[in-house]
Structure formats: structure tokens, C-alpha cells
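Here's the structure we're looking at; comments come further down.
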Amino acid sequence: MPSADNPPPSGSAKAWGGVFREPTDRRVEAFSESVSFDRRLADEDIDGSIAHARMLASCGLIAVHEADAIAHALEEIRAEIADGRFEFTAAKEDIHLHIESALTARLGDTGRKLHTARSRNDQVATDLRLHCRRAIDRLDRGLLELQRAFLGFAIREQGLVIPGYTHLRRAQPVLASHQLLGWCEKFDRDRQRLGDCRRRTNILPLGSGALAGTSLGIDREHVRAALGFEALAANSLDGASDRDFVCELAFVISLTAVHLSQWAEEWILYSTEEFGFLRLPEGFCTGSSIMPQKINPDVLELVRGKSARAIGNVQSLLVLLKGLPTAYNRDLQEDKEAIFDSIDTLEAMLGVAAPLVAGTAFDRGRLEATIERGHLDATSLMEALIAAGVPQRTAHETVGRLVRHAMARGVALADLTDEECGREYVGWTPSLRGALGASRAVERMASFGSTAPARVAEQIAVWQRRLA
Ligand code: ARG
């Protein structure tokens with residue numbers, strides 16, 4: 001029954017309407033449309049269509065002047081969409097049909113030739129690959145900026161010793177720069193994964209047709225070169241339906257988001273009254289509507305919180321694919337919102353992370369005043385005993401007993417007298433004191449990859465070259 005909720009059908013102006021005797025139900029149009037979200041593929045769709053039209057002309061499947069007219073009209077349509085003058089309607093399903101019907105409205109039969117040797121299946125796969133490739137390049141730049149921010153912070157804080165933690169208990173002293181460069185390593189692996197994913201994304205499916213390829217004499221290589229793809233999908237069934245690259249990108253994004261979440265959690269802790277290590281830039285904090293004194297780390301909390309969506313999207317995509325038989329199934333339309341959301345979420349996170357890092361400082365006074373708490377130099381002393389010939393297990397036991405003495409007296413290891421130390425270790429000499437104190441402990445950690453200032457300075461130089 002037509003009603004306000006269910007207006008009469010929109011008539012059969014469908015691109016695929018020929019075989020139908022009944023118009024599409026409006027409820028089906030509303031249910032199956034994707035233009036509300038895939039309009040984001042407009043640029044890629046137009047780029048792909050222009051390359052396709054030029055190829056058709058070069059192969060004699062349409063005239064060169066027709067390809068020119070198509071390219072010109074598609075650029076007009078691109079401008080209309082960009083300025084918000086373009087009208088979208090659920091009746092036209094998706095962005096591909098919108099653009100094609102706008103083209104046909106302008107050019108008539110010439111516009112009706114664009115879809116020669118093409119299906120929406122290979123078309124949408126091409127558009128999405130272009131879209132993901134561009135997103136990968138933007139995300140890579142965002143990660144580079146973030147790495148630069150961490151490197152800048154590492155350079156500003158050279159020489160500052162902070163407590164290193166395991167199990168969130170004080171463990172050994174480290175240079176603040178060393179810890180900051182640790183984030184550069186994680187984000188570098190994320191960039192490598194993006195690069196790997198980009199190679200598998202950058203394969204051209206156009207020419208796969210709906211599933212079986214085409215009988216028309218096309219030149220896929222022409223389109224590949226025009227759109228900057230690395231290779232051609234070699235199996236039309238797989239080419240038109242492969243979405244592995246979407247899952248892979250969603251995963252790479254989710255792991256990057258997890259790294260950002262770990263970082264956010266750490267800095268939330270480090271900037272608490274209780275730790276007091278870090279001062280966050282006030283422009284990246286927000287207040288409370290009831291407690292006037294509050295300066296909250298909401299930006300970091302949202303970075304941590306938004307990682308959940310990125311993780312959830314990987315799950316959605318894998319579940320979406322798991323039941324699909326060979327070739328295109330309409331389920332695949334559901335891939336877009338998940339991957340768009342992952343891309344948007346990570347871009348937003350990176351957009352605030354880099355400036356937040358650039359504006360953050362350590363509270364040096366507070367760190368210096370508290371660095372000798374927690375017997376952070378115990379491992380350093382144990383290694384000094386090992387170097388003097390004590391078996392590791394004995395050295396561990398001996399230092400453990402010294403720590404117990406120091407704890408009982410409420411002092412640092414360096415405050416124990418030579419006599420006290422001599423009672424636990426007969427070979428004690430005052431020279432072993434060279435292993436004590438946080439700064440000296442840090443300096444002695446000089447093997448490759450360790451936290452000694454000379455080693456960290458080398459790594460800073462390496463990163464300066466790599467991120468230049
Ligand atoms: N909107 C569709 C999608 O995103 C385009 C492909 C539709 N193909 C089809 N045979 N209905 O997957």
C-alpha cells in the first residue's frame with residue numbers, strides 16, 4: 001500500500017531495468033542503496049572511468065571524440081559533486097550509477113557507451129583499491145609526522161634519566177630518549193606493514209567484468225599504466241571479488257591504533273599527579289563542567305578509546321567474507337563503511353597525536369628528585385659482580401640481600417656502607433660503587449640497542465637520517 005512511509009515506486013529507470021516487469025519497491029531501494037556512504041568513491045570512480053574511456057578509444061571500441069566528451073563531462077560532474085551541487089537519490093543505488101546516469105543525461109548515447117567491457121563488480125573493486133591506496137599514502141605521511149614528533153621529543157630530552165618499568169613496577173633506569181625512540185620503532189613497523197599492504201592493494205581488477213572477463217578487445221595494460229597500478233589481476237573471478245586488501249588494511253590500521261592506544265595509556269599514567277613525569281599541552285586537554293581544578297587528558301583517552309572501533313572493523317570484515325562463494329556477492333557492499341571508518345579513525349588519531357607529542361615536556365625536576373627510588377640500579381650492580389667473576393645466580397642472590405638491607409633501612413643501595421656490603425660479598429671493593437646510581441647504571445648499558453647515552457645518540461642520528 002503506498003503511504004507516506006512507503007511512497008509509490010520510482011519507476012524503472014534502472015541501469016539494469018530491462019528484464020524487469022515490476023518496478024523496485026521503495027523499501028528495497030532504501031535497504032540496498034549504498035550511495036549514502038560510497039559517494040566517497042566519487043573521485044576514484046571518475047578517475048577510473050576516464051582511464052577506461054581512453055582505453056576504449058585507443059582500442060577502437062568508442063571514438064576518440066567520444067572519449068574526449070566523456071572525460072570532459074566527467075570532470076564537470078566531479079566539480080558538481082565537489083561543490084555539493086550534485087543530487088543523490090536512493091533510487092540510483094550507488095555512486096557508480098549516479099555518475100553514469102549524470103553522464104548519460106549530458107551526452108546521451110555517448111554516455112551509454114562508457115560501461116562497455118565493464119561491470120560494476122570490477123568497477124567498484126577498482127575504485128576501492130584506488131581509494132585504499134590513496135588512504136595508505138596519507139596514513140604513511142601521518143605516521144611519518146608522528147615519528148618526527150617523537151624524534152624531536154627524544155632530541156629535546158637527551159640525557160634525562162627516567163625509571164623504566166616492567167609489570168608497571170620500577171625496573172631499571174632508562175633514558176627518556178630511549179623510550180621515546182621505542183615508539184618510532186613501532187610506528188616504523190606499522191609503516192612497513194602499510195607498504196606491504198599497498199603492494200597487494202595496487203593490483204588492477206578492471207577488465208575482470210562481472211566475473212568472466214570480456215569478449216571485447218580491451219587493453220587492460222593501458223588502464224593499469226594510466227591509474228598507476230603495479231599489475232593486473234590475473235583471474236577475473238578473483239579479481240572482481242577479492243577484498244583481502246581491505247581486511248589487510250583494516251588489520252594494519254588496527255595494530256597501529258593499538259600502538260597509539262598503548263602510548264595514550266602510558267602518557268595518561270605518566271601525566272597523573274601520582275607519577276608526575278609528563279606535562280601535557282593544555283591545548284590538548286579539556287576541563288570538567290563541575291570540578292574547576294580539572295585538566296583532563298581526554299585527547300589521549302579518546303585515542304585509546306577509538307582504537308576499539310578499528311579493532312572491531314577487522315572482525316566485521318572477516319566475518320563478512322567468511323561465508324562467500326566465488327566471485328561477487330552483494331554482501332561485499334558492506335565492506336565500505338568498515339574500512340572508511342578505520343581510515344577516518346586512524347587519520348583523526350594521527351592528526352592529534354603528532355602535535356600533542358610536540359607540545360609535551362617531561363617534568364625534569366620531579367624526575368631527578370625521585371629517580372633513586374626503587375633500587376633501579378640493582379641489576380647494574382649484579383652485572384658488575386658478574387663482571388668480577390661471580391656466577392650470575394650467586395650475584396643475583398647477593399644483590400637481592402643487599403636490596404633487602406637497603407629496604408629495611410629505607411635507603412638506596414649507594415647508601416649502604418662498604419662494611420655492610422662486605423658482609424654479603426667478601427670480594428666487595430669500593431670500585432663496585434661505579435655501578436650504583438641511576439645515571440651510572442644507564443651509562444653502563446652500552447651494548448647495541450641498550451640505553452647508554454652514546455648508544456641512544458647513535459640511534460638519534462640513525463632516525464634523523466631515516467626521517468629526513
Ligand atoms: N554498490 C555495489 C557495491 O558496493 C556495486 C556493485 C554492485 N554490483 C551488482 N551486481 N549489484 O558492491
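The values are calculated or read from the model by the stated rules, or taken from the named source; none is laboratory data. What you see is a predicted model, and the numbers here were worked out from it, not measured in a lab. No Cβ is skipped: glycine too gets one built from the backbone with ideal geometry, and neighbour counts run over all protein chains shown. Ligands, DNA and RNA are stripped out before the accessible areas are found, and what is left, the full protein with its side chains, is counted by its heavy atoms. Shrake-Rupley method; radii C 1.70, N 1.55, O 1.52, S 1.80 Å.
Can you confirm whether VAL299 is touching a Ser or Thr at 6+ places or on another chain (Cβ under 8 Å) and touching a residue at least 24 places away in the same chain (Cβ under 8 Å)? Here the answer is yes, as VAL299 does meet what is asked.
If only residues of region 248-277 that are open to solvent by 30 Å² or more (accessible area, probe 1.4 Å) and assigned to a helix (DSSP H, G or I) are counted, the one that is farthest from LEU356 (Cα to Cα) is GLU248. In this structure, does GLY351 turn out to be surrounded by fewer than 19 Cβ atoms within 10 Å (Cβ to Cβ), part of a helix (DSSP H, G or I), more than 16 Å from the ligand (Cβ to nearest atom) and in contact (Cβ under 8 Å) with a residue 12 or more places away in the chain? The answer is yes for GLY351.
Once region 318-343 is narrowed to residues that are away from the ligand (no atom under 11 Å from the Cβ) and surrounded by fewer than 16 Cβ atoms within 10 Å (Cβ to Cβ), the residue that is nearest to GLU93 (Cα to Cα) is LEU324. When region 104-120 is filtered for residues that are within 36 Å of the chain's Cα centre (by Cα) and part of a helix (DSSP H, G or I), only ARG120 remains.
Screening THR394 with (1) more than 16 Å from ARG433 (Cβ to Cβ); (2) of a type in the set (Ser, Thr, Tyr); (3) open to solvent by less than 60 Å² (accessible area, probe 1.4 Å) gives one miss only, at (3). For region 224-246, the set of residues classified as crowded, with 20+ Cβ neighbours inside 10 Å and part of a helix (DSSP H, G or I) consists of ARG224, LEU227, SER236, GLY239, PHE245, VAL246, listed by residue number. Of all residues in region 104-125, those being of a type in the set (Val, Ile, Thr) and within 11 Å of the ligand (Cβ to nearest atom) number 1. The residues listed here are LEU280, LEU175; of these, the one that is farther than 28 Å from VAL319 by Cα and open to solvent by less than 20 Å² (accessible area, probe 1.4 Å) is LEU175.
Only a single item in (1) part of a helix (DSSP H, G or I); (2) within 16 Å of the ligand (Cβ to nearest atom); (3) closer than 20 Å to LEU216 by Cβ is not met by SER101, and it is number (3). Scanning region 24-39 for residues that are within 12 Å of the ligand (Cβ to nearest atom), assigned to a helix (DSSP H, G or I) and either small (Gly, Ala, Ser) or in contact with a Pro (Cβ under 8 Å, 6 or more places away or on another chain) (or both) yields a total of 2. Contact map, region 278-293: residues that are closer than 18 Å to TRP263 by Cβ paired with residues that are open to solvent by 100 Å² or more (accessible area, probe 1.4 Å), Cβ distance under 7 Å, separation 6+ or inter-chain. Pairs shown: CYS285/ILE295.
Checked against the criterion of being of a type in the set (A, V, I, L, M, F, W, C), away from the ligand (no atom under 16 Å from the Cβ) and farther than 29 Å from PHE245 by Cα, region 40-53 has no qualifying residue. Can you confirm whether GLU221 is open to solvent by 50 Å² or more (accessible area, probe 1.4 Å) and not in a loop (DSSP other than H, G, I, E, B)? The answer is yes for GLU221.
Does ILE99 meet the test of being modelled with pLDDT of 95 or more, of a type outside the set (S, T, N, Q) and within 23 Å of the chain's Cα centre (by Cα)? No.
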